[in-house]
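The values are calculated or read from the model by the stated rules, or taken from the named source; none is laboratory data. This is a predicted model, so every value here is computed, not measured. Neighbour counts are summed over all protein chains in view; Cβ atoms, including those assigned to glycine, are modelled from backbone coordinates with ideal geometry.
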Amino acid sequence: MPLPDDILRINGRIYGELDRVLVARGLGGQALFLNWGYAGSGAEPDEAACEPPQYVPQRAQWKLVLEALGDVDPSGLDVLDIGCGRGGALVALARLFDSRSLSGLDIGAANIAHCRRLPDLASARFQQGDACRLPYRDAAFDLVMNIESSCAYPDVTGFLRHVHRVLRPGGHFVFVDLVPAEARGGMRALLKGLGFSLLRERDVTAAVLRARADAASAEDAVFAGIAAASPETADFLDTYRAGPDTPMFRAMGHGAVQYMIYRLRRIDAREGPPPPAPDRGAMLRALLEGQPA
């Protein structure tokens with residue numbers, strides 16, 4: 001099994017390759033978001049406090065960020081986006097809210113370089129670094145966001161401890177990612193044990209799958225020829241895209257994997273040591289290997 005620092009190097013290299021793919025296909029400036037998007041059906045209520053701008057690329061990805069925030073208003077807050085990718089979530093906040101400050105951290109040097117070139121984020125602060133060892137002082141932020149990133153972290157408990165540390169008392173944590181159905185209870189217990197109060201736990205799998213299906217043909221064109229890349233990168237991109245013909249899409253459709261939004265608040269009431277973190281990465285690998293090709 002790779003050591004934590006080896007996992008970080010692999011993740012950084014893969015995201016660097018993804019950046020090169022996007023730039024090579026002329027999408028480096030448009031592809032701000034790496035999340036899977038959200039497509040509402042009208043049958044279930046949305047929770048976003050506002051809508052994305054009318055004419056923006058990757059509208060479904062904007063929508064996911066706003067659904068993740070729900071009733072959490074970033075206006076006037078010091079905000080940190082961990083795993084900020086190419087800056088999309090922070091661009092959404094910069095355009096739609098009046099935050100006091102915006103900061104982003106990512107393992108990928110290419111992602112950080114891209115974020116620093118974005119006009120909307122000229123006043124934001126960016127740092128390349130490890131989400132499991134956050135390089136920020138205690139109680140530095142009012143709102144921490146982490147969207148679709150934590151399954152790749154080698155030390156999720158360490159990550160969550162650092163999130164709690166850098167949040168001010170009563171600060172908000174918006175946490176969004178894949179959770180195997182069997183890990184739902186374990187995730188709740190872990191978050192509670194580390195000093196978070198769960199304000200909202202929302203399963204948006206159906207809306208994310210609709211967004212993945214809607215984006216399939218366009219993404220097929222973008223990633224045409226990716227098989228020529230390294231097998232490691234090609235395998236990652238196949239899982240990363242979660243298109244309709246992939247094991248990940250099927251596992252989500254069957255309910256074995258759920259796409260969860262957690263809205264949490266930092267508290268300091270704890271009852272003994274936290275339970276072990278569910279190994280979501282190992283669970284996901286086992287579930288995907290069990291899906292038909």
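Please determine whether any residue of the stretch 187-198 is among the polar types (S, T, N, Q), closer than 23 Å to Gly70 by Cβ and touching a residue at least 12 places away in the same chain (Cβ under 8 Å).
Looking for residues that are among the polar types (S, T, N, Q), closer than 23 Å to Gly70 by Cβ and touching a residue at least 12 places away in the same chain (Cβ under 8 Å), one finds at least one in the stretch 187-198, hence yes.
Can you find even one residue in the stretch 83-90 that is basic (Lys, Arg) and at pLDDT below 95?
Within the stretch 83-90, one or more residues are basic (Lys, Arg) and at pLDDT below 95.
Quickly run through the stretch 91-120 and pick out the residues that are in contact with a helix residue (DSSP H, G or I) (Cβ under 7 Å, 6 or more places away or on another chain), of a type in the set (S, T, N, Q) and at pLDDT 95 or above.
Residue satisfying the conditions is Ser99 alone.
More than 23 Å from Ser197 (Cβ to Cβ) and either buried (at least 24 other Cβ atoms within 10 Å of the Cβ) or touching a residue at least 60 places away in the same chain (Cβ under 8 Å) (or both): which single residue out of Ala122, Ala140, Ala152, Ala113 fits that description? Even if it seems obvious, please write down each step before you answer.
On the way: Ala122 fails: either buried (at least 24 other Cβ atoms within 10 Å of the Cβ) or touching a residue at least 60 places away in the same chain (Cβ under 8 Å) (or both); Ala140 fails: more than 23 Å from Ser197 (Cβ to Cβ); Ala113 fails: either buried (at least 24 other Cβ atoms within 10 Å of the Cβ) or touching a residue at least 60 places away in the same chain (Cβ under 8 Å) (or both).
From the options Ala122, Ala140, Ala152, Ala113, the qualifying one is Ala152.
Anything in the stretch 56-92 that is in a loop (DSSP other than H, G, I, E, B) and within 13 Å of the chain's Cα centre (by Cα)? List them, or say none.
Listed by number, the residues that qualify are Gly83, Cys84, Gly85, Arg86, Gly87.
Identify, from the list Leu190, Leu198, Leu160, the residue that is assigned to a helix (DSSP H, G or I) and surrounded by fewer than 22 Cβ atoms within 10 Å (Cβ to Cβ).
Leu190
For the stretch 238-264, which positions are under 21 Å from Ala218 (Cα atoms) and without any contact (Cβ under 8 Å) to a residue 40 or more places away in the chain?
The answer is Asp238, Arg241, Gly243, Pro244, Asp245, Thr246.
Let me spell it out: the conditions are (1) at pLDDT 90 or above; (2) in a helix (DSSP H, G or I), and Ala234 meets all of them except one. Which number is the exception?
(1)
Only residues that are surrounded by 17 or more Cβ atoms within 10 Å (Cβ to Cβ) and either within 18 Å of Leu191 (Cα to Cα) or among the aliphatic types (A, V, I, L, M) (or both): list them for the stretch 125-137, please.
Selection gives Ala131, Cys132, Leu134.
Checking Arg212 against (1) at pLDDT below 95; (2) more than 16 Å from the chain's Cα centre (by Cα); (3) of a type in the set (D, E, K, R), which single condition isn't satisfied?
(2)
So in the stretch 38-56, with the set limited to residues that are without any contact (Cβ under 8 Å) to a residue 24 or more places away in the chain, under 18 Å from Asp203 (Cα atoms) and not hydrophobic (A, V, I, L, M, F, W, C), which one is surrounded by the most Cβ atoms within 10 Å (Cβ to Cβ)?
Top of the filtered list is Asp46.
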